[in-house]
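First the structure, in the form of structure tokens, and then the observations on it.
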Amino acid sequence: MKIAIIGGGGRVGSCAAYCLQLGKIARELVILDANQATAEGEALDLLHGSSYMADQIIRAGAYPDCADADIVLITAGLRRKPDESRLDLINRNVSLFREILKSLKAAGLKKDAIVFVVSNPVDILTQLAVDECGLPPSQVIGLGTVLDTSRFNSLIAAALKLPPTQVRALILGEHGDTMVPIWSSATVDGLPLLKVPGVTPTFQSQIFERTQKSGAEVISRKGGAGWAVGIAINEVIESIALDRRRILPISSLVNGPYGIRNLCISVPTIVGRKGVVSTLELELWPKELQGLQSSAKALGETLAKVRGK
């Protein structure tokens, strides 16, 4: 499998490349960046460790190298400021993203390629990619709330002293201010999480609030997220590459589930080699459903403003 990483010289792109190297799934990693020297340096640094890690082709490249890529991972974008919401990024990132899409269309993409958007605001940019990249909507996905879900589970586990890999609780909706915690189906090793001592309404509120603010917290402390988002990206790509058909809260075009139509947003989604295999409409508490629909409404209003430009 060949993966091209656009923005691979940045913090998120380089962390994703490293996690993909560790994951040993890709046969070839191509690093693209506006700064060619940085792309070459990142590729060279990864290449130097390859003899201990995996038999991969790792190199810097340009847009024509995306023509035969199985997955085009887009991480390029301007960084969010500590006091800035992800949606505040929209005016600064949309024009850059559209230039990337134009370059991809000019290079040409394989009919079965997957375009995987990580740049923020991810739901809006994923929608633009669906509109403009020329691939079927099922082959265009965004990272959505996969990272938020990982943060949510990890924070729950740390607070309750539980194994992080056994905690399963979803964040759905927008990757941003209107994200929705799904406590109704939360489990630990298959058992109801809400039955665990200490999981009180106050605990739930505190954990979710910290999850919402996690991105800003990392930005304020080290300048931006990297390792966790790289791991989240690798999780999605592994499900695609191995056709694992994992249920992941990626952002993709939703038409029907939860009363949402013609909008890229995160709902439970089966992810396989062809991208979106299907979306699931699992039963939610009324307040969770209302939150998800409110999140969709907020995104729809922002999308209308973008399309109107």
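Only residues that are crowded, with 19+ Cβ neighbours inside 10 Å and among the charged types (D, E, K, R) were counted in segment 203-234, giving 0.
Among the residues of segment 126-153 satisfying the criterion of being polar (S, T, N, Q) and touching a residue at least 40 places away in the same chain (Cβ under 8 Å), which is nearest to D70 (Cα to Cα)?
So, considering only residues that are polar (S, T, N, Q) and touching a residue at least 40 places away in the same chain (Cβ under 8 Å), the one nearest to D70 (Cα to Cα) is Q139.
Annotation: of all residues in segment 180-222 being among the β-branched types (V, I, T), within 24 Å of the chain's Cα centre (by Cα) and assigned to a helix (DSSP H, G or I), the one that is nearest to I247 (Cα to Cα) is T211. Quick one: which of D177, D148 is within 19 Å of D123 (Cβ to Cβ), charged (D, E, K, R), assigned to a loop (DSSP other than H, G, I, E, B) and within 17 Å of the chain's Cα centre (by Cα)? Criteria check complete, one pass: D177.
A single member of G49, G41, G77 is surrounded by fewer than 17 Cβ atoms within 10 Å (Cβ to Cβ), under 30 Å from E217 (Cα atoms), in contact (Cβ under 8 Å) with a residue 12 or more places away in the chain and not aliphatic (A, V, I, L, M), and it is G41.
Condition first: in a helix (DSSP H, G or I) and farther than 19 Å from T126 by Cα. Now tell me which residues in segment 240-266 satisfy that. Passing the criteria: A241, Y258, G259.
Please go through segment 267-309 and give me each residue that is in a helix (DSSP H, G or I) and charged (D, E, K, R), ordered by number.
First, the residues of segment 267-309 that are in a helix (DSSP H, G or I): 286-307.
Hits for segment 267-309 are K287, E288, K297, E301, K305, R307.
Working carefully through the options S239, S220, S184, find the one that is modelled with pLDDT of 95 or more and out of contact with any Lys or Arg (no Cβ under 8 Å at 6 or more places or on another chain). The match here is S184.
Let's see how each residue does on (1) under 15 Å from V140 (Cα atoms); (2) β-branched (V, I, T); (3) in contact with a Lys or Arg (Cβ under 9 Å, 6 or more places away or on another chain):
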residue	(1), (2), (3)
I247	no, yes, no
I250	yes, yes, no
L253	yes, no, no
I265	yes, yes, no
T279	yes, yes, no
E283	no, no, no
E288	no, no, no
K305	no, no, no
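Pairing each residue of segment 282-309 that is under 27 Å from S205 (Cα atoms) and not assigned by TED's automatic domain parsing to the domain that holds I124 with any residue that is in a helix (DSSP H, G or I) and among the hydroxyl-bearing types (S, T, Y), provided the two are 6+ apart or on different chains, yields C-beta distances under 8 Å for L284/Y258; L289/Y258; L292/Y258; Q293/Y258; A296/Y258.
The values are calculated or read from the model by the stated rules, or taken from the named source; none is laboratory data. Every value quoted in this text rests on a predicted model; they were computed, and no experiment measured them. Glycine also receives a Cβ, built like all others from the backbone with ideal geometry; neighbour counts cover every protein chain displayed.
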